[in-house]
Every structure is written in structure tokens, then in C-alpha cells.
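Report on the following structure.
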Amino acid sequence: MLFSIDHSSSMTQMAKKKKKKYFKFLRDERFKLTLGIFLILFSLYLYLAFISYFFTWKTDQSFEWSRVFSGPEIIVDNWAGKFGAYLANKFINHWFGIASMVLPFILLISGLRLINIRTLPLGKTTRISLVGTILLSIILSFFFGDSGGFLGSGPGGGHGYFLSEWLSAILGKVGTVFLLAILVLAFALFSFNSTLDKIISLLKRKEEVPTDTAEETITGDDLTTPVTEIGIIDEDEAVAAETKPDESLQFETRESEIGDSEIGESEISEYQDGNGIKMTVEKVQNGELVDSSTELQLEDYDPTLDLSSYRLPSIELLEEYKSEDSMVSEEELISNKNRIVETLGNYKIQIDKIKATIGPTVTLYEIIPAPGVRISKIKNLEDDIALSLSALGIRIIAPIPGRGTIGIEVPNRKPEIVSMRSIIASKKFQESKFELAIGLGKTISNETYVVELTKMPHLLIAGATGQGKSVGLNAIIASLLYKKHPAQLKFVMIDPKKVELTLYNHIEKHYLAKLPDSEEPIINDTQEVIKTLNSLSIEMDSRYDLLKKAKVRIIKEYNEKFIARKLNPREGHRYMPYIVIIVDEFADLIMTAGREIETPLARLAQLARAVGIHLIIATQRPSTNIITGSIKANFPVRIAFKVPSMMDSRTILDSPGANQLVGRGDMLISLGSDMVRLQCAFIDTPEIERITDHISRQQSYPTAHLLPEYIDESTTYLNGFSPDEKDDLFDMAARLVVEYQQGSTSLIQRKFSIGYNRAGRIIDQLESAGIVGPYEGSKARQVLIKDLISLEQFLDKDVQNP
């Protein structure tokens, strides 16, 4: 019989930890800031040395450079001292000449980037600067030679002089000129995108007949007005102008899209309005005239620009929990192996090979039984093996899928704590391309386990009190906060216990979404939960309408089109963030509200995936009256922490196993037919506080993300209110909605500082009076009276005829 211990995963993990510690200093924000300031100051120092060299090069070159640093008796005239004189001599005299002035610019841009000041793209600027320095050095040396020893080796430096002489010897003077011209042209074409367009435009202008004037003229019956730069008017806008004969001709100037360039020949379009006024329009793009059929290329829309200075949390906010004494000893491994073999031998079960894989919480012993041994016979010895090992939480996997072995999971005597920091800092999490990446913990083989929430698409979590369920929720939330910008993700947090999720109150204006009339960012009241879930259903329907108009199937495709500016915001299109609904203590909600909660929740679970709304539900009572069939059917991915009985395990996972876990974060995740055992990542309250404090101190949105307004139709009375029942603010509210042309309950609530219920009654009275239209879901009600004069006439008439 063979016995092998798989230390490869643990050794690999230790090597990774050493490597991370080695590079940890380089990733430190303080190091980046210090290095950035150093590079900026050093680039300025180089400029000082280079500029001084133009005035002091004759004097400084008289020294023997090998002895210039030998003592204080040697004095140089360079403003940057001996070191500056030495660098200037190297760069300007020996290397690139005057072209060396470009090189400190690379250090300046790099330093600014390290202190989070973005100017020019670093990679492109570096490439252009390096190639341009070499090319300019050769050109200066070719045309000016050594200039009688100017700057030592001439304006092109020693490098440029050598290459120019070498090229001249091989190609001759004329050939070198041709080669340099080709290199300059190639450099311009590859470095600057507009170069090719300008060349083509110049060639095109020479082929065409020039016009007599570079000005556009608007002519009317008695009017001739020269206009030098008219903005771009699309054909649709021109047609719209033709259909309004009573209005003056309007056009729009877009200075950001029109450069200060000369106007040449192009395809000219003429438009004429109802008054006979003609206008010729030429399209201008990047300072050049283009065909009217050519569309302007705009930069992609960036949803994070509203909070462009926002910085994701640093891993320094998380704790690294030391677990040096938690390593499984070789003595423990051999002892467990002997007891397993002895127990199986007592029942005449022979083993050919046994292998141990050490995990953070449990060790997996994989055994290969001798031929002829029935798997069910080993499976039935689960309790006997647990008794011989004196351990709780023994679980037998017979067989392990895809391996052809039988697994026996044995808890370690000293389990290891899997810190949230180790998960966030892992390469697998950092390089994940998932839309909503969640780092749950580590597997038995010590591998970081990262899942994609959008593929789940919803998650059901169950476990007894104190077994790690709330910590698991916090780990999920922290994973998302470390990956997504506030513009890309919103949370709806429902906490009937009122204490589990209160730490996230601080990030209300960054990440949370709530109803317009809700005062608390974390929802505790059952009635508010019902309203919120129904409001989310309205949001879901609204999003589906937008997807239909955009002719896409999922939110990712929709947002990609919106970012590429292929969807018009004037048609109602908008960037849609993901919405993750966190529900803690789901059992309490079902007990108090029942069908009112389950119905909208089931609808969201069935339909909301495609529009980016995802549910994460946690409960400590996984009984069948709480986790019903309709809920389980829409939650294919489920997590089970330790539960008291096998029946509870079957309810949540459809199989036993959760009752055999050891607790304290030990969990099983069911992914359809697959079952994986994990040690959940641990994140403590102080760590969450540091993360939320880091987020709350940064610039935020004015308010939390507001969900669509929801009014329970069973509590509204829309018809037949008498003038005596009119609210005291009725007239003022009518003037407000007419002035803003927006029939919104939240608008009335904010402007008059009144409660939601009163504002809702006022909006209902305005509807009954015919001032605003009926309820339209997530949209504001239509205002039926268009101006204040008409409203005053309406109100006066109402007073005269009560």
C-alpha cells in the first residue's frame, strides 16, 4: 500500500505568500507617491542640468570626468553641480545632443501618473519620445555635422554623428536624405493619427476646383450675412427646420468639434425653410471638411466620470490573520491514515493506495480500494471512521467525480483562518474578468474560489446561527466593493434584524439604492420591503423595455452599445448599473408578509437576470415552508453552512452533507450537479468599518440611487374627492408640477418637506382634478396643463363652480 502526502498546494501557497510579501512594498500607495515625487523632481533637475550645459559646456569639458567626483577641489560651472554636469555631458555630448531634452519629459509624465495625475498616455508618449529622440539626433548631425565642436560632438551628439556618418558612407548624401524623409514620414504617420487624414485632405483639395470664397452665406429676401464657422447640422435637424415655417432658422455651433482651420472644397448641402431662407452647410471634423454622409466619431461614454476621482479600497484595509500553528503536522497525517486503514481493515476492506491533500479546514484522504470492494460498503462506515478518528464532520465522497477515487474528509485539529485579504490579493481574483466577481474562500486544495454572480444568477444561503452566514454575506459584499465603481453597481439591502447590515449606512450615496420616500438606506420595515420589491419589479420592466428598443438581449450588450454612443439618451436610454439585492433573515419576512413578499421576489428571480438585477437571500431556517419550490427552482446555486439535521441539508442542497460540516465558515456550495467544500473567507467588523469609511470619505452622488416610485393601488382613492377634502397645499402643488412639468410624488415631498403619504394623496387629487395624468409605473405622470396662466384660469373656474 502506498501513502503520499500532497504538500504541493500548501508549498505553492507559501511560495506565493513570500512573493506577495516581496512585492507588497512596491504596491504600497506611500511608495508610489514617494517615487512619483522623486521622478518629477529628478526630471526638473535634468532639465536644469541640460539647459545649463548649453552655457557651460566648454568649461565643464575641460575636466577629466574620471576624476571629477574625486574631491571638492574640482569645481564645475553647471547649475546642477558635478552630477548634473556629468549627466548633461553623457546625454548631450556623447549620446543624443539637443534631442536629449525630450527624455526628462518621460520621467515627468511617469511621476505624474504615479501620483494619480493623468496627462498623456504613458506608453504611447514613451514610444514617441524615444524614437523621436534618436531620429532627431541623426537629422541634426546629418545637416549640421559637429558644427566646429559645438556642445562637444555637435547638436546631434556623439550617437547622432556616428550614425549620420555611417549612413552617408553607405547610401551617400542623397540616399540618406531620402531615407531620413521616409523615416520622418513614417514616424509622423504612426505617432499621430491625424497626419494621414491631413495628407489625404491636401491631395484631395489639389484635385478639386477651389471655390471663390471660404465663407458660407445665408441669403434671404433682403439679407446677406457672412458666417465663418457654422456648426454641424444633421439632415434630420434640417428637415425639422423645414417643417416649422413660422419659426426662424436655427442652427447649433459645436466648438469642441470644429477646429480653427481653413475651409476648403467639400460636398455642400443646401437647406431652405418656409420663409425662403437658404443655408449651405459644410461638415467639419477635426478641422477638416468631410462628406455630409460621414458620421462624427465621438469618444466612448464613461459612466465613472461623475466620480472620476473615486478610488477602490486598498487591501491594506484588510487584516492578514496569522496561522503559523495551524499547519497540519506529519504526525497527525500518519496517525489519521493508520486509523482509516485500521478501521477499514476491521471490515476486511483492503486499500491499494491512499493520498492526503491538506486544506485550510479539512484534509482530504483519497483512497483507492482493492479490486472487488464495493463503494457502498465504505460509504456505510462513515460513523465508524468518525469514531476511530475521534473527530466531528467526517464526510465520505464516494466516488470523487472525475478522479476514480473515494474521498474521506477529516477536519484538521487546528483549522486555518482564511482571511479576506488573501482572497482579494490573490491573482485569481485580481485578474478575474467576471462582471460581478465574488471571492468566497478557499477549497480543500488551498485554491482561491472565485465565482461569477451574473452566471448564477441568484444565490441562496442557509445555515444555523453562528456558523458563518453573516460573515459570508459580508465577504460577498466586500468582493463586489473591491471590484466595481459606484456608477456600475448598486445594492438594495434588506435587514429585518436591523443590526447585521447597518455598517453599510455610510456608503448610502455611493452604492445603495432605495425608494424616493425612504428615510433609511437599509430597509428594516416589512411594508417598506414589499414596496421596494414591487419597485424593483417596475425597474425590471422598464429595463426590459429599454433592451427591446436597443434590440439586445442582456444588460452587458446594452451597456456596451450605450458606452459606444449607439443609443440616444433623448429616447430614454441610460447607462444601467447592476443591482444586487441582499436579503438577510428571509424567514422572518416570509413569516410576517408571506405571499406579499414571495410573489414579487419570485418574479424577480425568474426574469431579472437579463437586466442586471440579482438576488442574494440568506436564512437560518431552511425549512420547506420558507424555501418553497418556486424559490428553489430559480436559485440553482446555493450555499449551505452547518445545519442541525440531514433534513435541513436536503432542503437547501437536495442532498445530505451540510449537517456534517464543522462550522465556523465551513460550507458547501451547490452548482447544479457539482458540490464543492470551501472554507469561507473571514472578514471582521473593524475591516468592514475601514472599507466603508474609506468609501464615505470620497466624493459621492447627491443622493442614494432612487428606485422607481411605487404606489399601492389598494390604498389610493382616485375618483370623486370633494373640494372640502382638498389638501391645503393642493393649489401650491398644482403650480409646482405645472412649473416643472413633472407629476412626481417625490418632487412634492421634497419641495414642501412633507411625508410620502400626504404627497401621494395630493398627487391623487391632482389626477382627479385633471391636472396630471394617470400612474405610469417608473415614469413621472404626464402634466395635462402646460402653463401657469392656464392653471390659474382652471383654479379660478374651480373656485367659482365648486
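Below is a table of values for the structure above.
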quantity: Residue check for S70: part of a helix (DSSP H, G or I), of a type in the set (S, T, N, Q), open to solvent by 70 Å² or more (accessible area, probe 1.4 Å) and at pLDDT below 80; calculated: no
quantity: Breaking point among (1) open to solvent by 20 Å² or more (accessible area, probe 1.4 Å); (2) under 27 Å from S623 (Cβ atoms), for G468; calculated: (1)
quantity: Residue check, A564 within 18 Å of the chain's Cα centre (by Cα) and open to solvent by 30 Å² or more (accessible area, probe 1.4 Å); calculated: yes
quantity: Unmet requirement for I378, which otherwise passes all of (1) in a strand (DSSP E or B); (2) more than 13 Å from R339 (Cα to Cα); (3) β-branched (V, I, T); calculated: (1)
quantity: In region 488-505, the residues that are surrounded by 20 or more Cβ atoms within 10 Å (Cβ to Cβ) and either among the β-branched types (V, I, T) or farther than 25 Å from K642 by Cα (or both); calculated: L489, K490, F491, V492, I494, Y504
quantity: Sole exception among (1) assigned to a loop (DSSP other than H, G, I, E, B); (2) over 15 Å from T465 (Cα atoms); (3) touching a residue at least 12 places away in the same chain (Cβ under 8 Å); (4) not small (G, A, S) for M675, by number; calculated: (1)
quantity: Out of V552, V643, sole residue that is outside any strand (DSSP E or B) and closer than 30 Å to Y301 by Cα; calculated: V552
quantity: Residue in region 686-706 that is within 23 Å of F586 (Cα to Cα) and either assigned to a loop (DSSP other than H, G, I, E, B) or of a type in the set (K, R) (or both) present; calculated: no
quantity: Residue within region 613-629 that is farther than 24 Å from L453 by Cβ, part of a helix (DSSP H, G or I) and either of a type outside the set (A, V, I, L, M) or without any contact (Cβ under 8 Å) to a residue 40 or more places away in the chain (or both) present; calculated: no
quantity: Residues (surrounded by fewer than 19 Cβ atoms within 10 Å (Cβ to Cβ) and either under 23 Å from E585 (Cα atoms) or at pLDDT below 90 (or both)) located in region 418-453; calculated: S445
quantity: Sole residue being without any contact (Cβ under 8 Å) to a residue 24 or more places away in the chain and aliphatic (A, V, I, L, M), chosen from L567, L607; calculated: L567
quantity: Single match in L171, L87, L122, L107 (criterion: hydrophobic (A, V, I, L, M, F, W, C), buried (at least 16 other Cβ atoms within 10 Å of the Cβ) and more than 22 Å from T59 (Cα to Cα)); calculated: L107
quantity: Residue, surrounded by the fewest Cβ atoms within 10 Å (Cβ to Cβ), within region 508-544, restricted to residues that are closer than 17 Å to D495 by Cβ, touching a strand residue (DSSP E or B) at 6+ places or on another chain (Cβ under 9 Å) and acidic (D, E); calculated: E520
quantity: Residues within region 736-751 that are exposed (fewer than 15 other Cβ atoms within 10 Å of the Cβ) and over 17 Å from P774 (Cβ atoms), tallied; calculated: 3
quantity: Residues of region 584-617 classified as open to solvent by 20 Å² or more (accessible area, probe 1.4 Å) and of a type in the set (V, I, T), total; calculated: 3
quantity: Qualifying residue in region 569-578 (condition: part of a helix (DSSP H, G or I) and in contact with a Pro (Cβ under 9 Å, 6 or more places away or on another chain)); calculated: no
quantity: Subset of region 331-362 [in a strand (DSSP E or B), closer than 15 Å to I378 by Cβ and open to solvent by 70 Å² or more (accessible area, probe 1.4 Å)]; calculated: D352, K353
quantity: Candidate set from region 282-325 (those that are among the acidic types (D, E) and more than 19 Å from A564 (Cα to Cα)); member that is modelled with the lowest pLDDT; calculated: E288
quantity: Options G154, G132, G111, G158: the member that is in contact with a Phe, Trp or Tyr (Cβ under 6 Å, 6 or more places away or on another chain) and in contact (Cβ under 8 Å) with a residue 40 or more places away in the chain; calculated: G154
quantity: Test: residue in region 359-381 that is over 26 Å from S655 (Cα atoms) and of a type in the set (G, A, S); calculated: yes
quantity: Y558, sole failed condition from (1) of a type outside the set (D, E); (2) out of contact with any strand residue (DSSP E or B) (no Cβ under 9 Å at 6 or more places or on another chain); (3) open to solvent by 10 Å² or more (accessible area, probe 1.4 Å); (4) under 25 Å from Y710 (Cβ atoms); calculated: (3)
quantity: Test result for I581, of a type in the set (A, V, I, L, M, F, W, C), out of contact with any Lys or Arg (no Cβ under 9 Å at 6 or more places or on another chain) and open to solvent by less than 10 Å² (accessible area, probe 1.4 Å); calculated: yes
quantity: Residue list for region 758-779, restricted to those being open to solvent by 20 Å² or more (accessible area, probe 1.4 Å) and either over 21 Å from L536 (Cβ atoms) or of a type in the set (A, V, I, L, M, F, W, C) (or both); calculated: R758, R761, Q765, E767, S768, A769, G770, P774
quantity: Any hit, region 709-726, residues being modelled with pLDDT of 90 or more and part of a loop (DSSP other than H, G, I, E, B); calculated: no
quantity: Answer residue from region 639-657, given it is touching a strand residue (DSSP E or B) at 6+ places or on another chain (Cβ under 6 Å) and touching a residue at least 40 places away in the same chain (Cβ under 8 Å) and is farthest from N446 (Cα to Cα) among those; calculated: I652
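Okay, residues lined up against (1) part of a loop (DSSP other than H, G, I, E, B); (2) among the aliphatic types (A, V, I, L, M); (3) closer than 30 Å to K353 by Cβ; (4) modelled with pLDDT of 95 or more:
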| residue | (1), (2), (3), (4) |
| --- | --- |
| P399 | yes, no, yes, no |
| G407 | no, no, yes, no |
| E416 | yes, no, yes, no |
| G466 | yes, no, no, no |
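The values are calculated or read from the model by the stated rules, or taken from the named source; none is laboratory data. The shown structure was predicted, so the numbers you read here are calculated from the model rather than taken from an experiment. Using ideal geometry, Cβ is built from the backbone for each residue, glycine included, and neighbour counts are taken over all protein chains shown. Remember, those area values only see protein heavy atoms, side chains included, never the ligands or the DNA or RNA. Shrake-Rupley method; radii C 1.70, N 1.55, O 1.52, S 1.80 Å.
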